[in-house]
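**Q** Here it is, the structure, as C-alpha cells.
The values are calculated or read from the model by the stated rules, or taken from the named source; none is laboratory data. Source: prediction; values computed, not measured. Cβ coordinates were reconstructed from backbone atoms using ideal geometry, including for glycine residues, and neighbour counts include every protein chain displayed.
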Amino acid sequence: MDVMELICIRCPKGCLLRVELEARGEEPRVLSVSGNSCPRGDEYARKEICDPTRAVTSSVPVRGCALERMVSVKTERDVPKGLVLDVVNALAGIELKAPVRIGDVVLANVCDTGVNVVATKDCLA
Ligand code: SF4
C-alpha cells in the first residue's frame, strides 16, 4: 500500500487529505481517503488520483476595443491536467477582434479535447 498527501482545493479551508492507494497495477486504485472535513474532499482526492483535470483561464489580446486590450477567457469545462500547458500555448497565437461577447467561442475543440475556450467578458468596439 502507498500513501499520498494532498491539499483539497475545493474550498478555502484546504484540508490535508491522506490517501491510501493500492500499490499493485498501473492504474492507481484509492483504498481510502481521510482528513477531509466534508464529502467533497473524498471526491476530490479520488478524481485527482485517477483522472486529474483542471479548468484553464487566461487572457488574449483584442483589437478594435476602445476600453480593453485583453479579454479574459476560460475553458468551458475541465481539460486533462496534463494538457493545461498545451491549452495555454494554443491560446498564445490567438488575437480577437471586437466586438467580443461573453460566451463567444475563442478557440473550438482546443487541443482536440472536445472543449471550447470562451470569452468571459464583453469587449465591445
Ligand atoms: S474537504 Fe471539504 S471542507 Fe475540506 S477543503 Fe475540501 S471542500 Fe473544503
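**Q** Looking at A92, A108, A98, A66, which one is over 15 Å from the mean Cα position of the chain (by Cα) and surrounded by 12 or more Cβ atoms within 10 Å (Cβ to Cβ)?
**A** Values: A92 fails: surrounded by 12 or more Cβ atoms within 10 Å (Cβ to Cβ); A108 fails: surrounded by 12 or more Cβ atoms within 10 Å (Cβ to Cβ); A66 fails: surrounded by 12 or more Cβ atoms within 10 Å (Cβ to Cβ).
None of the other options fit; the residue is A98.
**Q** Looking only at segment 38-60, how many residues end up being surrounded by 12 or more Cβ atoms within 10 Å (Cβ to Cβ) and farther than 20 Å from V84 by Cα?
**A** Counting residues in segment 38-60 that are surrounded by 12 or more Cβ atoms within 10 Å (Cβ to Cβ) and farther than 20 Å from V84 by Cα gives 5.
**Q** Scan segment 11-46 residue by residue and report those that are closer than 30 Å to N116 by Cα and modelled with pLDDT of 95 or more.
**A** Within segment 11-46, C11, P12, G14, P39, R40, G41, D42, E43, Y44, A45, R46 qualify.
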